[in-house]
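All remarks here apply to the structure that follows.
The values are calculated or read from the model by the stated rules, or taken from the named source; none is laboratory data. No experiment lies behind these values; they were computed from the predicted model shown. Don't worry about glycine lacking a Cβ; one is built from the backbone with ideal geometry, like all the others, and counts go over all protein chains shown. These accessible areas exclude ligands, DNA and RNA; they are computed on the full protein's heavy atoms, side chains included. Shrake-Rupley method; radii C 1.70, N 1.55, O 1.52, S 1.80 Å.
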Amino acid sequence: MAVVDTQRQGEIVIIRMDNPPVNALGHALRLGLEKAFGEANADAGVAAIVLTGTGRFFSAGADITEFKGEMKEPHLPQLIDKIEAGSKPVVAAINGTALGGGLELALGCHYRVAAKDVRQLGLPEIKLGIIPGAGGTQRLPRAVGIEQALQMITSGVFIDAKKAVATGLIDSVADGDVVATAIAFAKQQIGKEPRRIGEKRIDKASIPADLFDKARASIGRHPSGPIAPKCAIDAVEAATQVPLAEGNARERKLFREAAASPYARALQYAFFAERQAANLPGIAPDAKLRDINTVGILGAGTMGTGIALAFLNGGFPVTIVETTQEALDRGVDRIKDTLSANAKRGRITESQAADRFAKLTPSLQMDDLEKSDLVIEAVFENMALKKEVFQKLDKIAKRGAILATNTSTLDVDEIAAVTKRPQDVVGMHFFSPANIMRLLEIVRAEKTANDVMATAMGIAKRIGKVGVQAGVCDGFVGNRMLAAYGNEVQAMTLEGAMPREIDGALEAWGMAMGPLAVSDLAGLDVGYRIRKERKLTGEAAQFARVPDKIVEMGRHGQKTGAGYYKYDASRKRINDPEIEALIRSEAQALQIKQRHIPAEEIVERCLLRLANEGAKIVEEGIALRASDCDVMYLNGYGFPAWRGGPMWQVDNVIGMRNAAEKIKGYAATYGARWKIASLIERLAAENGTFAGVDVKKK
Ligand code: 3HC
Ligand code: NAI
């Protein structure tokens, strides 16, 4: 099938890109465009050209899958330069999303018209660890001004058609058919010298003197790591210093520098891993899904209200049920307050906030869930209560409704077994705050039906979450790995690494927040209650001594103003010698000799414990693939995307053999908690990688 289609309307040629699913500018499309533009320019009967896309996409940019190999000619930058250099006016009719190379292509056109409902215009290359490489860093500043361009290129944000016209990125917005508007626009340009953005000179006087220094100073903890943001700033600065051709050459060099970094590989892996997670083996991508139009939620506590917000924000009507008027009112107030805070911050409009709130039906009657297509239970974490609730739900919910539990620790099979429809029961484990965190762990119980899994995955996408399948086990995937990580952190404190050293080492490495600071944020009392219920013995009991004593001192974390750290009124964390003394005295009581643990060892031990547990989870079939473990860590646990995830680190940085040796070394020193996963042993022997493990042949 042709990826480029041309049509003639009088003196105008309409060139349409048609390369599903997103009009990525792969080799075939570049060839097609080169040919179509070549013919149009050579044809004396053609006076102007309109370039457009198909469906929802103008073009999502370069084909990322081509980055791994040698790019074949024609290269995108040259193609765009040729389009801009042409003597016949070219109008981009931006029918839909135009990102990265797609927007760079539009910037090479002489004029741009966008459909009214276009919402995704931007240069998101930075999110893939690279920078725009087809003139975007040179032409965008010339179109929208340096400051706006710098902001767009270093953040990768998308803007909509309305904002694009205000910034000068596009010339006009089409109310009706965008191609017809572009044709009319093109006709007015016939015979005139085309306007070429690349020829525009940037007025240096209008640029704040310290703009680039300030931008460089703010790279600090950029979500794309240290290299791509630096390259992006250098490239945009070049646009203020040299003409287009020279600027493009500098951009190319900086593009290559960013692309060669391991951070770019990690971020591109993360992009595909996230999409791969939605692929469930044995379920066709076009499998028939259950129709989900209404959502019911049981429990209006921390999670119930967050989940309700996630669905209201996703456009769903939500019924939320509580046991007492007081609890219901509290939950409804929280939902209302969050929506109005979002409106005040400009994230949504006042009328959107009102519309979303109007879709909420609060109730004290479980019977009101009879019409819900999906019911999510978020009551207290107590098996007897969950069973009672599911027995009732089984009687109330309509046939075919999906019954989900948000449990974080309980056995979903046991919950499903109290119903007469275990095939309709699934775990939907949201992370707190549920309206913000992107991860949704979808727990497949023994009898969960395929279409329920596929529907839950689709729902995740509809509410802007990243759905990842997990099997039933203690902690599922994410929290089971977290338990191993937390366990090693406690071991290291007793061995002599103070909280500030542990959190400092991991934060310097890129973690959003160190593990002890996270515990203070989440509340230390939660883990305390779980530990007391589980009646720990042996090493686990030893590791519980410090955190238990901290809670018993009345320090529950940030909410009580103190935990592992003290907190001032602005929640700034302050090291506390009292806690360091407590750690030292507990170590002494346990006869553990303390020493200084270097930052590299702290990071290595945390990473290897995470990856070793992840490998066990993969070999047990609890996670479908190692990359799913990474997707969880990147989206639910503050692991830096530019580091790929713990499994990717083993495959690409640490090395499987090296990891196996190190784990065995730690096992010799520390014993059973470092028992190597047999998958790592096997892969190390075979010189294999986690990425090479076949989903079905685990
Ligand atoms: N290259 C190759 N494949 C791409 C792609 C791209 N640029 N963009 C999307 N795809 C693929 C996805 O992998 C997915 O494949 P699958 O169905 O096999 O899993 C399919 O297209 C559909 O993608 P999504 O599921 O993400 O579809 P959505 O509708 O949810 O989102 C999107 C669409 C917003 C365009 C999103 O896919 C996206 O953000 N894509 C990446 C955009 C981007 O980063 N562009 C810049 C590329 S780099 C570049 O242009 C360099 C240049 O400067 C030289
Ligand atoms: P919470 O204590 O804040 O809220 C629970 C709510 O359920 C309370 O408002 C209570 O009145 C209500 N409730 C109790 N019985 C009910 C019933 N029969 N019908 C309707 N409502 C009822 O608890 P939280 O933190 O929201 O946790 C809820 C569930 O989510 C638990 O299973 C928990 O393990 C899980 N979870 C919690 C996370 C967290 O960070 N808090 C993260 C992920 C999952």
Checklist line | R0 of 45 Å, Cβ-Cβ distance Glu552-Gln391: FRET efficiency to nearest 0.05 | finding: 0.75
Note to self: Just want the answer: with Cβ charges of +1 for Lys and Arg and -1 for Asp and Glu, which residue in Leu369, Leu312, Ala300 is farthest toward the dipole's positive end in the range 295-462?
What the structure shows: Leu312
Check: Once both axes come from the Cα atoms, what is the angle between helix 383-396 and the longest principal axis of the chain, in degrees from 0 to 90, rounded to 10?
Finding: 50
Check: How far is it, in nm, from the label point at Lys559 to the one at Gln591 when both lie 7 Å from their Cα along the line to the Cβ?
Finding: 3.9
Next item on the list: For Arg196, Arg256, give the ranking by accessible area with the largest first, probe 1.4 Å.
Entry: Arg256, Arg196
Check: Within the accessible area of the chain, what % is carbon and sulfur when the probe is 1.4 Å and the other protein chains stay in place?
Finding: 52
Item checked: Over the chain, relative contact order from alpha-carbon pairs under 8 Å, at least 6 apart, % -> 9
Notebook entry, point to check: To the nearest 20 debye, what charge dipole does the chain have about its Cα centre, counting +1 at the Cβ of each Lys and Arg and -1 at the Cβ of each Asp and Glu?
Noted result: 180
Note to self: With a 1.4 Å probe and all protein chains kept in place, how much accessible area does Phe430 have, in Å² rounded to the nearest 10?
What the structure shows: 10
Note to self: Can you give me the solvent accessible area of Glu552 with a 1.4 Å probe, rounded to the nearest 10 Å²?
What the structure shows: 110
Notebook entry, point to check: What is the range 102-163's relative contact order, in percent, from Cα pairs under 8 angstrom and six or more apart in sequence?
Noted result: 46
Margin query: Before I look further, what does the range 362-447 give for accessible area per residue, probe 1.4 Å, in whole square angstrom?
Written below: 44
Note to self: Can you give me the distance in nm between label points at Glu199 and Lys72, each placed 7 Å from the Cα along the Cα-to-Cβ direction?
What the structure shows: 3.5
Check: If you rank Asp337, Asp413, Asp630 by how much accessible surface each has, with a 1.4 Å probe, what is the order from largest down?
Finding: Asp337, Asp413, Asp630
Next item on the list: Rounded to the nearest 0.05, what FRET efficiency do Gln325 and Glu580 give with R0 = 60 Å and r taken as the Cβ-Cβ distance? Could you check?
Entry: 0.80
Item checked: C-alpha center-to-center spacing [the range 303-345, the range 556-601] in angstrom -> 36
Margin query: Taking the solvent-accessible surface of protein heavy atoms with a 1.4 Å probe, what is the per residue accessible area of the range 113-238 in Å²?
Written below: 44
Note to self: Compute, for the range 3-263, the length of the dipole vector about the Cα centre, with Cβ point charges of +1 (Lys, Arg) and -1 (Asp, Glu) only. Units Debye, rounded to 20.
What the structure shows: 340
Next item on the list: Pick out, from Ser206, Ala217, Gln188, the residue whose Cα sits farthest towards the positive end of the charge dipole of the range 185-266, with +1 on the Cβ of Lys and Arg and -1 on the Cβ of Asp and Glu.
Entry: Gln188
Next item on the list: Report the label-to-label distance for Ala85 and Asp5 in nanometres (one decimal), using points 7 Å from each Cα along the Cα→Cβ vector.
Entry: 3.1
Checklist line | Considering only the chain, percent of DSSP beta bridges that pair antiparallel, nearest 5 | finding: 25
Notebook entry, point to check: When ligands, DNA and RNA are left out and all protein chains stay put, how many square angstrom of accessible area per residue does the range 578-698 have with a 1.4 Å probe?
Noted result: 42
Notebook entry, point to check: Where the only charges are on Cβ atoms (+1 Lys, Arg; -1 Asp, Glu), what is the dipole of the range 295-462 about its Cα centre, to the nearest 20 debye?
Noted result: 520
Checklist line | Potential extension, Lys163-Leu364 segment - 0.36 nm per residue separation minus Cα distance | finding: 68.0 nm
Note to self: Using only the heavy atoms of the protein chains and a 1.4 Å probe, how would Arg643, Arg334 rank by accessible area, largest first?
What the structure shows: Arg334, Arg643
